[in-house]
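In what follows, a single structure is set out as structure tokens and then discussed.
Rule-based calculations on the coordinates, nothing more; no lab input. In this text the structure is predicted, and so the values were computed from the model without any measurement. As a convention, Cβ positions derive from the backbone with ideal geometry for all residues, glycine included, and neighbour counts pool all protein chains shown.
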Amino acid sequence: MFKFAKKIAGFAIYTGLCLSVVSVTSPVFAEDSSLGIVMRRGHLRVGIDAAIGGPYMFWNAKTQFYDGFELEIIQEIAARLNIEPRPINIPWTTQPENLASRQVDILLSAREEGALESGDNKGKFIETTPYYRSSQRLLIRADGTQIKSLRDMIGKRVGVVANSGGAAIAETYNKNRGNAIRLFSSRDLDRMVIQLRDRQLDAMILDEPVAVWQVRNNPNFIIVGEPLIPIRLVAIVNKDDVSLKKAVDKTLTEMRQEGKLEQILKRWNLWESQKTLKSTKDLPVTVLAIITPYSVYQ
């Protein structure tokens with residue numbers, strides 16, 4: 001009986017959303033069946049990568065399931081559509097291929113706005129409304145308070161994750177200042193955190209959620225300076241899946257308006273910056289030039 005009622009409720013949501021889409025879009029969009037397929041199936045297949053780590057997405061050994069603020073957002077989206085969330089763990093670099101071949105319905109996995117709008121992926125996908133605004137932050141030991149900004153890192157040993165936004169910032173700074181920062185680049189985040197703890201590094205430049213996560217787990221670390229290069233994170237769907245995109249946009253907008261998104265982000269200590277950060281779309285082209293696509297933190 002419960003399953004039947006759930007299907008009826010799901011059909012009602014689907015019908016309402018489809019009528020909304022038909023009323024405001026062209027006939028070609030009205031023919032889009034992506035939302036209907038998901039609703040009839042009863043679950044949303046979401047491409048994730050648990051290797052990205054906390055607090056984005058990680059494997060929780062205690063619960064024996066995935067965890068992270070992105071998982072909570074996925075679960076809330078699915079709940080509001082009255083379907084089940086089904087996270088599918090896929091290496092971050094191959095996720096677009098899996099989405100294009102329809103092995104998943106959507107990617108919600110630390111994807112930066114505009115990052116899939118170039119190269120081989122250009123024209124294949126569309127983005128949802130943003131669910132988070134990230135930035136790069138300076139992470140230091142609590143006893144290293146002489147470091148307040150990039151300028152204070154001249155001559156210092158600074159760790160960055162290879163091919164990350166932090167690496168782009170440091171490399172651009174060095175290019176303009178004659179390698180003023182002693183840069184150490186690696187894909188092994190855990191190793192660099194140990195090096196920072198053991199004074200083999202003086203600072204790290206990390207995505208804000210990752211930096212906050214490190215402070216949460218290492219009380220001797222602090223975040224200093226202003227946020228660098230803010231950029232929005234979005235979910236990604238195939239370009240033809242307009243009805244699914246609109247449904248996800250609607251749920252994210254409702255979550256924001258009703259305070260649910262704030263509640264989730266506060267639980268992970270990620271809300272405060274959301275009130276002040278501006279997107280990189282508001283920044284000069286000279287600043288945008290140093291941004292690179294997100295890279296997995298493992």
Cα-projected label distance for Q200 with T172, points at 7 Å along beta-carbon direction, nm: 3.0 nm
Given K62/K266; K122/K245; K62/K245; K148/K266; K148/K175; K62/K148, the pairs whose alpha carbons are separated by over 28 Å: K62/K245; K62/K148
Starting from the Cα-Cα distance between A79 and I37, subtract it from 0.36 nm times their residue separation and give me the gain in nm to one decimal. 13.5 nm
What are the trypsin sites (Lys or Arg not before Pro) within the range 186-231 that DSSP puts in a loop, where the Cβ has at most 15 other Cβ atoms within 10 Å? R187, R199
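Ranked highest first by the average count of other Cβ atoms within 10 Å around their residues, in what order do 173-183, 100-110, 34-44 fall?
100-110, 34-44, 173-183
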Between the modelled labels at Q146 and K124 (7 Å from Cα along Cα→Cβ) the distance in nm is 4.9 nm
Principal axis extents for the range 134-230, Cα atoms only, whole Å, descending order, please. 34, 25, 25
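Around I88, what is the net charge, scoring Lys/Arg as +1 and Asp/Glu as -1 over all other residues with Cβ under 11 Å from its Cβ?
Working: positive: R45, R86; negative: D49, D105.
Residues close to I88 contribute a combined charge of 0.
Quick one: which of 263-269, 208-214 comes out on top by average Cβ neighbours within 10 Å, and what's the full order, highest first? Spell out each step's value before the answer.
Details: 263-269: 16.3, 208-214: 23.0.
So the order, starting with the most tightly packed, is 208-214, 263-269.
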